[in-house]
Structures are given as C-alpha cells and as structure tokens.
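A quick write-up on the structure given underneath.
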Amino acid sequence: MELPGAVAVVTGATGGLGQRICRALAVQGAHIAGVYRQSAEAAHALVAEWSALGPHSAAFQADVTDPASVQQMVERVVAGFGRIDILINNAAYNQLVPFRDLDGLTLELWEHIQRINSTAPFLCVKAVAPVMRRQRRGRIVNVTSVAGLAPTGSSIAYAVSKAALTHLTRCLAVALGPEIAVNAVAPGLLRGTKMTARLSPTQVERGLMQSALQKYVDLDDVADQVVTFCRSDSTTGQVLVIDSGRVYH
Ligand SMILES: NC(=O)c1ccc[n+]([C@@H]2O[C@H](COP(=O)([O-])OP(=O)(O)OC[C@H]3O[C@@H](n4cnc5c(N)ncnc54)[C@H](OP(=O)(O)O)[C@@H]3O)[C@@H](O)[C@H]2O)c1
C-alpha cells in the first residue's frame with residue numbers, strides 16, 4: 001500500500017512506542033489520527049511535531065475499552081480525514097505481579113488487563129473494518145509482545161492477553177482478507193516507556209542479560225517494522241519478534 005496520503009489511526013499515540021510509530025508513519029507521508037486517553041497535553045504537542053513533517057495530524061481522545069467511545073472516535077476520524085487506511089493497536093497496560101503470586105493477581109486486575117490488551121484491539125477492529133471494507137483496502141498492525149509467545153513478562157495476565165492478541169491477529173487475517181491485511185509485531189524489552197518503568201529492576205536486568213544482543217529493543221526498529229507491514233501487499237497473519245534475540249518464534 002502506498003503510504004503518502006494514507007490515514008493512520010494509532011492507539012496509545014502518546015506512549016513510548018506509540019509516538020515513534022506515529023512519527024515513522026508521518027515521515028512516510030501518512031496522516032496521523034493519534035488516539036490518547038488521558039495525556040491530552042502530550043498528545044497535542046506531539047500532533048504539532050508530526051504535522052510539521054508534512055502530512056496532517058490530529059489527536060483524538062478515546063477509551064479503547066469502551067465500545068461507544070471507540071465508535072465515536074472512528075466516526076470523528078472519518079469526519080475529519082474522510083477515510084481510514086491503517087489501524088495500529090498499540091495501547092496497552094501492565095502491572096508487575098510475579099508469576100508465582102497467584103493471590104496477587106486478582107480477578108479485577110486480570111479482567112482489566114485482558115480488556116485493554118486483547119478486547120480493546122478487537123473493539124477497534126470491529127469499528128474500523130466496515131470503513132476499510134468500503135474503501136476495499138486496509139492495514140492493521142497489532143502490537144503484541146514476546147510475552148504472548150513464551151511464559152514471561154510482567155504478569156500471567158499480561159502474557160495471556162498478548163497470546164490472545166497474537167492469535168487474534170491470525171484469525172482476523174482470515175476474517176478480513178482480501179481487502180485488509182492484519183499483522184503483528186512482538187517486541188521484547190523497550191527502553192524508557194511507562195510500561196518498562198513498571199517492571200522490577202531484576203526483571204529488566206535478567207531480560208537484558210538473557211538476550212543474545214544483550215540490549216533493549218530499539219523503539220525505532222519496531223516502528224520501522226510497523227511501517228513495513230503497512231506497506232506490504234502480500235503479508236498477512238504474521239507475528240514478527242523484535243527482542244534482541246531471546247524468544248525464537
Ligand atoms: N515496554 C515494553 O518493554 C514492551 C515490551 C513488549 C511489548 N510492549 C507493547 O508495546 C506497546 C506500547 O508499549 P509502551 O511501553 O510504549 O506503553 P506506554 O508508554 O505505557 O503507553 C501506553 C499507552 O496506552 C494508552 N492507553 C492505556 N490505556 C488506554 C485506554 N483504556 N484507552 C486509550 N489509550 C490507553 C496510554 O494513553 P494515555 O497516556 O493517554 O492514558 C499510553 O499512551 C504495548 O502494546 C505494549 O504491550 C511493550
């Protein structure tokens with residue numbers, strides 16, 4: 001798909017990785033609809049930065065766990081930009097609960113994490129798919145995690161939510177072809193995001209030392225792979241690991 005002039009909806013646009021994905025798409029000429037939930041000030045500052053790169057960008061407030069909020073956001077993006085070509089499901093939540101601490105992983109926290117990390121991407125796809133089908137073209141990229149492929153990460157709930165998103169990627173590729181391609185990136189440990197700050201120093205140290213390249217994953221490497229998936233006309237249902245060499249999928 002040609003990216004200049006395409007319209008991209010990116011959830012978690014104010015997050016550590018989300019900002020880089022928006023920038024990478026804007027550099028390629030895509031218009032950015034950056035979705036945030038709370039960080040309004042940051043969202044508007046980032047939008048000014050992306051707009052300065054050329055294409056038009058705008059910020060949209062939505063809670064991606066709320067179907068009505070998601071539907072309204074999609075309607076506002078279509079009203080403002082006229083179309084949606086790309087959806088990046090990047091927003092997510094984690095909280096550190098060691099795997100052995102089953103009592104610490106409450107039902108409330110379990111449901112909260114599943115809702116943001118796997119149900120919300122499904123809600124966004126349901127809202128965006130009719131628009132993309134009408135246009136007869138679309139690209140969806142889910143940001144999952146190596147924790148969805150191996151029993152690792154901030155909690156069992158997080159790992160299971162990302163495993164669900166990983167398989168949702170494959171199921172949606174079948175459901176939405178031939179007009180829409182659906183792929184996923186599965187990063188390892190990212191440097192300097194709010195999520196990484198919620199991990200324990202021991203966990204971070206272990207993660208870095210256990211990777212073949214012994215370093216954090218470069219945010220721009222992940223963003224560039226998202227761009228590659230958006231461009232590709234012949235890749236769908238795939239999950240690409242970018243983790244400095246830890247999980248061999
Ligand atoms: N950090 C890592 O080491 C790591 C590793 C593997 C995979 N990942 C994945 O990479 C992606 C980005 O992670 P990150 O570390 O960059 O995250 P981050 O900096 O913590 O940002 C998360 C973003 O999600 C948004 N968000 C959270 N709940 C939301 C909701 N209900 N509705 C709308 N937006 C919501 C937040 O927006 P507001 O600030 O406006 O609330 C925030 O911008 C996630 O999918 C994560 O699972 C991260």
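The values are calculated or read from the model by the stated rules, or taken from the named source; none is laboratory data. Not measured: the values here are computed from a predicted model. As a convention, Cβ positions derive from the backbone with ideal geometry for all residues, glycine included, and neighbour counts pool all protein chains shown. The protein model used for the area step is the full one, side chains on, heavy atoms only, and it has no ligands, DNA or RNA in it. Shrake-Rupley method; radii C 1.70, N 1.55, O 1.52, S 1.80 Å.
In the list Arg83, Arg100, Arg37, which residue meets the criterion of being within 19 Å of Arg139 (Cα to Cα), at pLDDT 95 or above and open to solvent by 40 Å² or more (accessible area, probe 1.4 Å)? Talk me through it step by step, then tell me what you get.
Details: Arg100 fails: within 19 Å of Arg139 (Cα to Cα); Arg37 fails: within 19 Å of Arg139 (Cα to Cα).
From the options Arg83, Arg100, Arg37, the qualifying one is Arg83.
Do we find that Ala13 is open to solvent by 30 Å² or more (accessible area, probe 1.4 Å), farther than 24 Å from Arg136 by Cβ and at pLDDT 95 or above in this structure? Give the derivation first.
Values: open to solvent by 30 Å² or more (accessible area, probe 1.4 Å): no; farther than 24 Å from Arg136 by Cβ: yes; at pLDDT 95 or above: yes.
No; evaluated as a whole, the condition is false for this residue.
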Meets criteria (of a type in the set (A, V, I, L, M), part of a helix (DSSP H, G or I) and under 25 Å from Thr228 (Cβ atoms)) for Leu87: no
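Return yes or no: is Glu75 over 29 Å from Leu172 (Cα atoms), open to solvent by 40 Å² or more (accessible area, probe 1.4 Å) and modelled with pLDDT of 95 or more?
On the way: over 29 Å from Leu172 (Cα atoms): no; open to solvent by 40 Å² or more (accessible area, probe 1.4 Å): yes; modelled with pLDDT of 95 or more: yes.
Judged against the criteria, Glu75 is not a match.
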Meets criteria (farther than 26 Å from Ser234 by Cβ, more than 10 Å from the ligand (Cβ to nearest atom) and aliphatic (A, V, I, L, M)) for Val9: no
The one condition in (1) touching a strand residue (DSSP E or B) at 6+ places or on another chain (Cβ under 8 Å); (2) within 28 Å of Arg133 (Cβ to Cβ) that Ala43 fails to fulfil: (2)
Any chance Val128 is crowded, with 17+ Cβ neighbours inside 10 Å, within 14 Å of the ligand (Cβ to nearest atom) and among the β-branched types (Val, Ile, Thr): no
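With the requirement that a residue be open to solvent by 30 Å² or more (accessible area, probe 1.4 Å) and within 14 Å of Leu96 (Cβ to Cβ), what does the stretch 187-199 give you? Break it down into steps so the answer makes sense when it comes.
Filtering the stretch 187-199 down to residues open to solvent by 30 Å² or more (accessible area, probe 1.4 Å) leaves 189, 191-192, 194-195, 197-199.
Selection gives Leu189, Lys194, Met195, Ala197, Arg198, Leu199.
Within the stretch 237-249, can you find the residues that are open to solvent by less than 60 Å² (accessible area, probe 1.4 Å) and within 16 Å of the chain's Cα centre (by Cα)?
At the first step, the residues of the stretch 237-249 found to be open to solvent by less than 60 Å² (accessible area, probe 1.4 Å) are 237, 239, 241-245, 247.
The answer is Gly237, Val239, Val241, Ile242, Asp243.
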Any helices (runs of 4 or more DSSP H) falling wholly within the stretch 158-234 and containing at least 3 residues that are more than 8 Å from the ligand (Cβ to nearest atom), of a type in the set (S, T, N, Q) and more than 19 Å from the chain's Cα centre (by Cα): 201-210
Filter pass, Ala120 being within 20 Å of Ser39 (Cβ to Cβ), within 13 Å of the ligand (Cβ to nearest atom) and assigned to a loop (DSSP other than H, G, I, E, B): no
Residue among Ala26, Ala62 that alone is at pLDDT 95 or above, away from the ligand (no atom under 13 Å from the Cβ) and touching a helix residue (DSSP H, G or I) at 6+ places or on another chain (Cβ under 6 Å): Ala26
